[in-house]
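What follows is a short report on a single structure.
The values are calculated or read from the model by the stated rules, or taken from the named source; none is laboratory data. Since the structure is predicted, the reported quantities are computational estimates derived from the model, not experimental observations. Quick reminder, even Gly has a Cβ in these numbers, built from the backbone with ideal geometry, and neighbours come from all protein chains shown.
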Amino acid sequence: MTIMYQEQGTPPSGLYVEREVLAAPSSNGVLRDLANAHLDKWGLNGLADDALLVISELVSNAIAAAPGTPIGFRMMRWPTMLVIEVRDSSTGRVVCREADALDESGRGMWIVDQIARHWGQRPEGDGTKTVYALLDLP
């Protein structure tokens with residue numbers, strides 16, 4: 001089954017968080033902490049491990065793709081799913097591949113693919129791209 005995701009606007013107040021940070025290694029922890037606090041507030045502690053892993057992978061890719069530039073983070077709680085989005089200034093497409101056993105990197109999007117209901121990417125009108133993942137709510 002193919003699930004198409006198109007931005008539907010913002011969810012009801014309080015079920016949405018958005019930040020822009022500089023693409024630097026420390027930004028990953030900052031965004032994970034922010035997300036964890038909101039997941040707790042939204043009663044989604046049972047989804048936190050998976051969501052934080054997805055966030056870590058998407059943010060790590062954005063940092064690697066466009067270091068030192070702004071990256072955007074958005075997380076939204078919809079009635080049946082959690083939407084995680086990371087925007088960066090790179091125009092390069094994100095590729096999902098299964099890394100070889102001795103590879104030191106390259107597993108991130110494969111991990112996201114295993115956890116998420118669906119993931120994808122879309123070009124934005126300002127030349128940036130957004131990579132998103134949809135996680136089913138428990």
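Residues of the stretch 65-80 that are farther than 13 Å from residue 129 by Cβ, assigned to a loop (DSSP other than H, G, I, E, B) and of a type in the set (A, V, I, L, M, F, W, C): 78 alone. Taking the conditions (1) farther than 24 Å from residue 114 by Cα; (2) at pLDDT 95 or above; (3) surrounded by 15 or more Cβ atoms within 10 Å (Cβ to Cβ) in turn, residue 16 satisfies each one other than (2). Within the stretch 90-138, if we keep just the residues that are basic (Lys, Arg), assigned to a loop (DSSP other than H, G, I, E, B) and surrounded by 14 or more Cβ atoms within 10 Å (Cβ to Cβ), the residue that is modelled with the highest pLDDT turns out to be 117.
Which one is surrounded by the most Cβ atoms within 10 Å (Cβ to Cβ) among residues in the stretch 30-48 that are of a type in the set (Gly, Ala, Ser) and part of a helix (DSSP H, G or I)?
Restricting to residues being of a type in the set (Gly, Ala, Ser) and part of a helix (DSSP H, G or I), the top hit is 35.
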